[in-house]
Amino acid sequence: MANRSVKAIAARRGFILLLFPALIILGGPFLGGLAFGLAQSLGLFSVVDVGGPTLRFYADAVLSSDFLRSLLLTLYIALVSTALATMLSLGLALLLRRSFRGARLVRLLVQLPLPTPHLAAAIGVTLLLTQSGIFARLFYAAGLLAEPSDFPALVYDRGAVGIIVTYVWKELPFITLVALAALRSAGNELEQAARNLGASPWQAFWHVTLPLVAPALIGSATIVFAFAFGAFEVPLLLGQSYPRVLAVEAYMLYQDVDLTVRPGALALNTLIAALTALAVPPYIWLLRQARRAW
């Protein structure tokens with residue numbers, strides 16, 4: 001027994017050593033860029049002399065009157081987008097694991113957003129949902145609106161509806177495919193056994209099916225949340241001018257012609273990365289809870 005444990009540990013170490021070159025290639029540029037950005041945010045290696053090293057740029061970012069508004073808006077967009085995409089994806093996965101007429105067409109429609117860039121999706125949402133867009137014109141032509149401008153503002157709005165719609169549409173297939181793979185690998189024997197023992201469809205779903213797919217849902221939802229929290233291109237195109245999400249604020253600061261504010265942009269980027277990393281402990285806790293329930 002002891003020999004088997006030693007061999008297993010040796011095999012695991014050997015596998016890690018084999019992966020090490022690939023990990024360096026994949027993680028090196030990211031970690032190097034993060035370290036260099038962190039150094040510049042502290043006033044080191046800056047393009048202009050800012051009197052570093054200093055924590056002044058972090059203090060300016062956190063104590064800014066706009067920081068809390070931007071943080072709350074960013075959290076709102078990321079949480080709502082993730083929650084909606086996760087719930088819809090679970091429903092689609094439960095539907096697609098069954099055979100029915102038109103299932104191939106539904107699978108194709110679900111996978112269509114995968115190759116579409118986020119910028120193209122944002123432009124499509126703009127063409128559809130603005131007050132001069134396709135939906136507004138269709139409603140006006142149908143006599144439902146007195147003027148196209150009467151269409152509700154769903155883009156550049158305070159509710160960030162356009163941004164959320166874009167994220168949900170784009171991330172829906174990712175979570176759906178992950179959940180569908182988890183459902184198919186688990187099979188439906190346990191669910192059938194629960195039904196045979198007298199459980200209702202809702203009880204079988206809540207106590208059997210959901211715990212089976214929960215780890216996959218939690219993992220994919222965490223990835224979607226982290227992406228939505230740190231992305232800037234869709235909020236830049238579809239978001240309101242004030243307040244702006246944290247990533248857009250950092251981008252605008254970085255693009256400023258005044259190079260003395262660039263360390264502030266990098267400090268804000270570092271804060272975004274740190275805040276995104278805070279999603280890891282809840283993810284681990286939820287994953288453990290789901291496995292214990294199973």
Query raised in the report: Considering only 236, 284, 133, whose Cα is most displaced toward the positive end of the charge dipole of the range 65-293, charges sitting on Cβ of Lys, Arg (+1) and Asp, Glu (-1)?
Result: 284
**Report entry** Average silhouette area of the range 47-143, convex hull of alpha-carbon atoms, in square nanometres
**Finding:** 12.5 nm²
Query raised in the report: Over the range 65-293, what relative contact order in percent results from Cα pairs under 8 Å that are six or more residues apart?
Result: 27 percent
Report summary line: Least to most buried among 272, 24, 223, 175, by other C-beta atoms within 10 Å and fewest first, runs 24, 223, 272, 175
Report summary line: Expressed as a whole-number percentage, the relative contact order of the range 42-153 with C-alpha contacts under 8 angstrom and at least six residues apart is 10 percent
Report task. Using a Förster distance of 25 angstrom, determine the FRET efficiency expected from the C-beta separation of residue 140 and residue 120, and round it to 0.05. Result -> 0.45
Query raised in the report: Hey, with R₀ at 35 Å, roughly what FRET efficiency would residue 197 and residue 287 work out to, going by the Cβ-Cβ distance, to 0.05?
Result: 0.80
Report task. Return 166, 260, 130 ranked ascending by Cβ neighbour count within 10 Å, so the fewest neighbours appear first. Result -> 260, 130, 166
Report task. At 0.36 nm per residue, minus the direct Cα-Cα distance, what do residue 108 and residue 36 gain on full extension? Give it in nm, one decimal, please. Result -> 21.7 nm
Report summary line: Dividing the helical contributions, -39500 (n - 2.57) per DSSP H run of n ≥ 4, by the residues of the chain yields a 222 nm value, nearest 500 deg cm²/dmol, of -24000 deg cm²/dmol
Query raised in the report: If each of residue 56 and residue 88 carries a label point 7 Å out from its Cα toward its Cβ, how far apart are those two points in nm?
Result: 4.7 nm
Query raised in the report: Among (i) 41; (ii) 53; (iii) 31, which one is percent of Cα pairs over 29 Å apart computed from these coordinates?
Result: (ii)
Query raised in the report: How would you rank 79-86, 199-206, highest first, on the average number of other Cβ atoms within 10 Å across their residues?
Result: 79-86, 199-206
Query raised in the report: Can you put 118, 207 in order, fewest other beta carbons within 10 Å first?
Result: 207, 118
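Rule-based calculations on the coordinates, nothing more; no lab input. This is a predicted model, so every value here is computed, not measured. A quick note on method: Cβ atoms are made from the backbone with ideal geometry, for glycine too, and the neighbour counts reach across all protein chains shown.
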